[in-house]
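Right, one structure below, let's go through it.
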Amino acid sequence: MKIIIAGNGKVGQTLAKLLSAEGYDLTIIDSQPSVLQSSLEKFDVMAFQGNCASMETLLSAGVKNTDLLIATTGTDELNLLCCMTARAMNPKIHTIARIRDPEYAKQAYIMKDAFGLSLAFNPEKQAAKEIERLIKYPGFLKIDSFAKGRVEIVELKIEEGSKLCNVPLKDMNGIVKCKVLVCAVLRNRKVIAPDGNFELKAGDKIYVTAPTDALSDLLKNLGIVTHKIKDVMIAGGGMVSYYLACLLEKSKINVRIIDSDYGRCIKLSEQLPKASIIHGDASNQQVLESEGINEADALVTLTGNDELNMIISLYGSNCGIPLTVTKLTNFENSNIIDSLPIGSVISPHRLCCNTIVRYVRTMRNQTGAAVTIHSIADGQAEAIEFLVDKNTLNCGIPLKKNKLRKNILIVCITRGDVTEMPDGDSTFNEGDSVVIVSSGDNVILQLNDIFE
């Protein structure tokens, strides 16, 4: 399967890493030779320098024999033109475009045939939805949804003095008083697929599968005290901030946005009449204190500078703010990030790449492809949702009689409105939703791939 990635920024490079690892025939287009050289050195790809919306450049990149084009440049108009041109040159090609501006979002959906679009994605909007879920359930570092929102995989860090310290997993349900399943543990930056005898230690990050309605009980019974978030301070007035404020206003949460760009503040005040927009430097202690950082229930740092976001989050944590969320784009060193009290970390480009990888796998497997894909445990494992169909093997057979590939765990079965954390006697049948967690080198394209 041949894929062209037009635009080799953070999204393009992350896609190149993920898709080249799965063996796809990749070609990258970018106008900057330095970024192309970086990808050529890291990944098994072809590269072309030029304007990705130019017919000449697309022809040189082999668009007429390409199955999928992904336009990920930083300009919406260029991405749309690139997809339109590619579709005109190859009517059978699938096209995916990055569309960030809310003014274009509805238009792109209504006119997707005219634009030649198969799918549009918005990293900033996806990041805002992720942050909203963290604000809804403060206490979790990360939340991923499955089965149309009925099931979540949440990330928790085991702190010193936690009720779960030195507890084997087989005894965990007695402590949390609700049925959950630990599907992965990250210890010393290495992912572990634990069994019932595995003992949790301080510093571990655990990934817990639970029905959505059990999340509040999970936090309460672990003694993680949370209260409803009513007041959110946002540092930075970019697109993620705009989308997040729109979501929070619907929940009647008070929003304050601080940005140093006066023109941007004026525009946000017009777009978000219910929010408080402050023109100022969010890294200035006096500004933060005068705007009431000590009264905020949550601090979300969304400036365009990773280092600045971390500094502001560190200050907010020092002020005792119950919840901090930090946007990081370029930081790859998990050791540094894990050692800092900056709360939950959000990476917009990684979030959107999950959506694109799912689309690519669906193209490759016309039947039985994944419904949902989330990367967990610092990218060392995947949580994948499949629908059981008539071609699925081992339907109706108890799980204890099935032989699964190494590092594969079935973590959840949903049948209608009923969600089950499975044991050895559980079965799945046609129409059920099954969530599996895969670690190691496994690439799971369809549900039947989990069996030996």
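One residue alone among 152, 199 is of a type in the set (Asp, Glu) and farther than 26 Å from residue 434 by Cα, and that residue is 199. Of everything in region 421-438 that is outside any loop (DSSP other than H, G, I, E, B) and not β-branched (Val, Ile, Thr), the residue that is farthest from the chain's Cα centre (by Cα) is 433.
Scanning region 180-200 for residues that are closer than 23 Å to residue 375 by Cα and not hydrophobic (A, V, I, L, M, F, W, C) gives 187, 188, 189, 190, 194, 195. Checked against (1) within 24 Å of the chain's Cα centre (by Cα); (2) closer than 23 Å to residue 136 by Cβ, residue 254 meets all criteria but (1).
Note on region 375-420: residues that are among the aliphatic types (A, V, I, L, M), part of a loop (DSSP other than H, G, I, E, B) and either surrounded by fewer than 18 Cβ atoms within 10 Å (Cβ to Cβ) or modelled with pLDDT of 90 or more (or both) total 3. Restricting region 61-77 to residues that are of a type outside the set (Ser, Thr, Tyr) and crowded, with 22+ Cβ neighbours inside 10 Å leaves a set whose member that is farthest from residue 16 (Cα to Cα) is 63.
Of all residues in region 416-452, those satisfying the criterion of being β-branched (Val, Ile, Thr) and touching a Pro at 6+ places or on another chain (Cβ under 8 Å) are 419, 427.
Restricting 58, 26, 80 to those that are closer than 21 Å to residue 358 by Cβ, surrounded by 15 or more Cβ atoms within 10 Å (Cβ to Cβ) and not assigned by TED's automatic domain parsing to the domain that holds residue 375 reduces the list to 26.
Would you check which residues across region 273-301 are among the polar types (S, T, N, Q) and either under 12 Å from residue 254 (Cα atoms) or in contact (Cβ under 8 Å) with a residue 12 or more places away in the chain (or both) and list them? Full working, then the answer.
Initial filter on region 273-301 (among the polar types (S, T, N, Q)): 276, 283-286, 290, 294, 301.
Passing the criteria: 276, 283, 285, 294, 301.
Of all residues in region 87-112, those that are under 20 Å from residue 4 (Cα atoms) have Cβ atoms under 8 Å from Cβ atoms of residues that are part of a helix (DSSP H, G or I) and basic (Lys, Arg), 6 or more apart or on another chain, in 89/64; 90/64; 93/87; 95/87. Across region 1-23, the number of residues qualifying as on the phi > 0 side of the Ramachandran plot and buried (at least 19 other Cβ atoms within 10 Å of the Cβ) comes to 1.
So for region 19-37 (the condition being within 22 Å of residue 108 (Cβ to Cβ), in contact (Cβ under 8 Å) with a residue 40 or more places away in the chain and of a type outside the set (S, T, N, Q)), does at least one residue qualify? Lay out the reasoning, then the answer.
Looking only at region 19-37, we keep the residues that are within 22 Å of residue 108 (Cβ to Cβ), and these are 29.
If we keep only those that are in contact (Cβ under 8 Å) with a residue 40 or more places away in the chain too, we end up with none.
Looking for residues that are within 22 Å of residue 108 (Cβ to Cβ), in contact (Cβ under 8 Å) with a residue 40 or more places away in the chain and of a type outside the set (S, T, N, Q), one finds none in region 19-37, hence no.
Here's the yes/no breakdown for (1) modelled with pLDDT of 95 or more; (2) closer than 16 Å to residue 327 by Cβ; (3) in contact with a Phe, Trp or Tyr (Cβ under 7 Å, 6 or more places away or on another chain); (4) in a helix (DSSP H, G or I):
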| position | (1), (2), (3), (4) |
| --- | --- |
| 241 | yes, yes, no, yes |
| 248 | yes, yes, no, yes |
| 252 | no, no, no, no |
| 257 | yes, yes, no, no |
| 268 | yes, no, yes, yes |
| 278 | yes, no, no, no |
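When residue 116 is tested against (1) within 30 Å of residue 360 (Cβ to Cβ); (2) assigned by TED's automatic domain parsing to the domain that holds residue 214, exactly one condition is not met: (2). Of all the residues in region 219-239, those that are within 15 Å of residue 134 (Cα to Cα) and modelled with pLDDT of 90 or more number 6. Here residue 105 meets each of (1) surrounded by 21 or more Cβ atoms within 10 Å (Cβ to Cβ); (2) part of a helix (DSSP H, G or I); (3) among the aliphatic types (A, V, I, L, M) with one exception, condition (1).
The values are calculated or read from the model by the stated rules, or taken from the named source; none is laboratory data. Worth saying up front: this structure is predicted, and the values here are computed from it rather than measured. Please note: Cβ atoms are built from the backbone with ideal geometry, for glycine as well, and neighbour counts cover all protein chains shown.
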